[in-house]
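The values are calculated or read from the model by the stated rules, or taken from the named source; none is laboratory data. Keep in mind that what you see is a predicted model, and the values were worked out from it rather than measured. Using ideal geometry, Cβ is built from the backbone for each residue, glycine included, and neighbour counts are taken over all protein chains shown. Remember, those area values only see protein heavy atoms, side chains included, never the ligands or the DNA or RNA. Shrake-Rupley method; radii C 1.70, N 1.55, O 1.52, S 1.80 Å.
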Amino acid sequence: MNRLVLKSVVLLLPAFLSASTWALPQQSATVSDSATKLPAESAKPVSSAVGHVFAFPVAAKSAEARKLLELAIDQYENHLLDQSVQTAQAAAAKDPQFALAYAVWSYAARRNTPNPEAARKAEFLAANATAEEQMLVKFLTTVQKADLLPAITAMNDLLARFPNDPHALFLTSEWLYYQQDYDRSVRMLEQIVKLDPNFAPAFNMLGYAKVETGTPDPAKAIAYLTRYAELEPGQPNPEDSLGEISRYASDDQGSLLHYAAALKLDPKYTYSQIGLADTSALMGDFPRARSEYRKAMAMATNNADRLHIQFQEALLFFWEGNAAQGLHTLTDLERQAHAAHEPYAEFEIQEAHALLLAIPQEQLQKLREIELAFSAPLDGMSESDRNANLAFTWRDEVRVLAQLNQLDAAQQTLQQLERLAATSRDLIVENSYESARGYVFFAQKDFASAADELSADPRSPLTLKWLAVARQNMGDLKNAEAAKLRLKFLRAPTAEWFLASRQESAAAN
């Protein structure tokens, strides 16, 4: 493979990582502008520790603020993201000079409505924090930026200082997981449960890892999540996770039961209500799916959730074979998302719209509209997420161009992807670049090189579909079946899954 600099940078992780050693986000509030406009001369030298947040020495003088921040981190680790944002805000209110409170606030908010003001306040106040607090603040804020090299450096420093701390290990392993560095992430998660067999969030992440990465093992995944539920009695997220993993494993009835159990524990847990609808859609029970989505709409408390629910309901038209109505509904939702200044929802809707168009030339036109919209910084989206979304768009452009055998145009887009991967040092971007190269090799009938490159993008159902076909064409039937198995455990009501799971494959034509 054509590996870029990022791979070698990530390998700077401490040596112990190579030894044997998940619910949707909510919308957040913002820090006021006045809170961030502090004079530079008010910054002070690094403080000595006043207290601790878990094992981290911090400069915050308020014991109540420190306790609140411990709760905010615990909530984040258990995917109670809206609560985490609110609790971190409360910690900042108790001690307005508490750098780590603002950092956790921004970190918990980043997946849906990023809060750059909170991140900037955290970075400014870190000048008066302890060295250890500065490490954690730097990691939590730099992962949201366009160039991830400082985040990787901060992660290495943090892990070198706290090699056996479950919270440091979890925050970094979770980030690596979503960066698609699965092997290191899983080794760190396994280290956490050896250090602390009662650290519940690690069991949740391991449950997802055992179906989403490597060789799927649904029995082990369910065992990890069952342990998670035992450690967090009365909490809805363990049942929600069991509902999602059961669906990945094609146990739809079990999925429905677990989602219902989560709602019994918390009738306002919107994500499990969406889960009921998603599983019903995959079962082909479209009337029930619509009914469950509408219940979820009544529960939603923010625009991001409402738009996602409407988007999922719109996809039902495609599952039913009514593409014309589906496309009309997606066009209307795009306008709503743009008017509501919800770029995450807008990208989700636009990307599916492009994939679901029937004519490749129309797909290209739509993808280029998305490329234009996400080619510059956007209010409401972190730079790291914008880079990833732009990479997904270019990857899909290359796939369509390769399918049309327009390889010169595909190479031009590949060059843009390569530059983005080199400047962002982002594994997600690099994996998109490599899989895009795989599409070009496929069009050139170099199936061995195609398979090598396509294997870099294991979270894309369409890429896995092409990977399986490439391996079949080169006679590697065993690994072709492995790709199909991995695809099986990405089962979700998405446009990519819908296209990849159809009997005919664009890659096979």
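Looking at this structure, is Leu367 open to solvent by 40 Å² or more (accessible area, probe 1.4 Å), within 22 Å of Glu418 (Cβ to Cβ), in a helix (DSSP H, G or I) and of a type in the set (A, V, I, L, M)? No: the conditions fail for Leu367. If you go through region 61-91 and keep only what is aliphatic (A, V, I, L, M) and at pLDDT 95 or above, you end up with Ala63, Ala65, Leu68, Leu69, Leu71, Ala72, Ile73, Val85, Ala88, Ala90, Ala91.
Quick check: anything in region 323-340 on the phi > 0 side of the Ramachandran plot and small (Gly, Ala, Ser)? Checked against the condition, which is being on the phi > 0 side of the Ramachandran plot and small (Gly, Ala, Ser), region 323-340 yields no hits at all. Checked against (1) more than 20 Å from Glu397 (Cα to Cα); (2) open to solvent by 60 Å² or more (accessible area, probe 1.4 Å); (3) outside any helix (DSSP H, G or I), Ser375 meets all criteria but (1).
Scanning region 123-172 for residues that are in a loop (DSSP other than H, G, I, E, B), of a type in the set (S, T, N, Q) and open to solvent by less than 10 Å² (accessible area, probe 1.4 Å) yields one hit, Thr130. Scanning region 439-460 for residues being surrounded by 22 or more Cβ atoms within 10 Å (Cβ to Cβ) and not hydrophobic (A, V, I, L, M, F, W, C) gives a total of 5. Scanning region 331-360 for residues that are charged (D, E, K, R) and touching a helix residue (DSSP H, G or I) at 6+ places or on another chain (Cβ under 7 Å) yields Glu334, Glu342, Glu346, Glu348, Glu351. The residues of region 279-296 that are more than 17 Å from Gly321 (Cα to Cα) and open to solvent by less than 60 Å² (accessible area, probe 1.4 Å), listed by number, are Thr279, Ser291, Glu292, Tyr293, Ala296.
For region 316-363, filtering for residues that are open to solvent by 60 Å² or more (accessible area, probe 1.4 Å) and closer than 22 Å to Ala281 by Cβ leaves 9. Select from region 96-108 the residues that are crowded, with 23+ Cβ neighbours inside 10 Å and either over 21 Å from the mean Cα position of the chain (by Cα) or over 19 Å from Lys138 (Cα atoms) (or both) and list them in ascending order. Residues satisfying the conditions are Phe98, Ala99, Leu100, Ala101, Tyr102. Go through region 264-303 residue by residue and tally those that are outside any helix (DSSP H, G or I) and either over 23 Å from Phe489 (Cβ atoms) or charged (D, E, K, R) (or both). Of the residues in region 264-303, 8 are outside any helix (DSSP H, G or I) and either over 23 Å from Phe489 (Cβ atoms) or charged (D, E, K, R) (or both).
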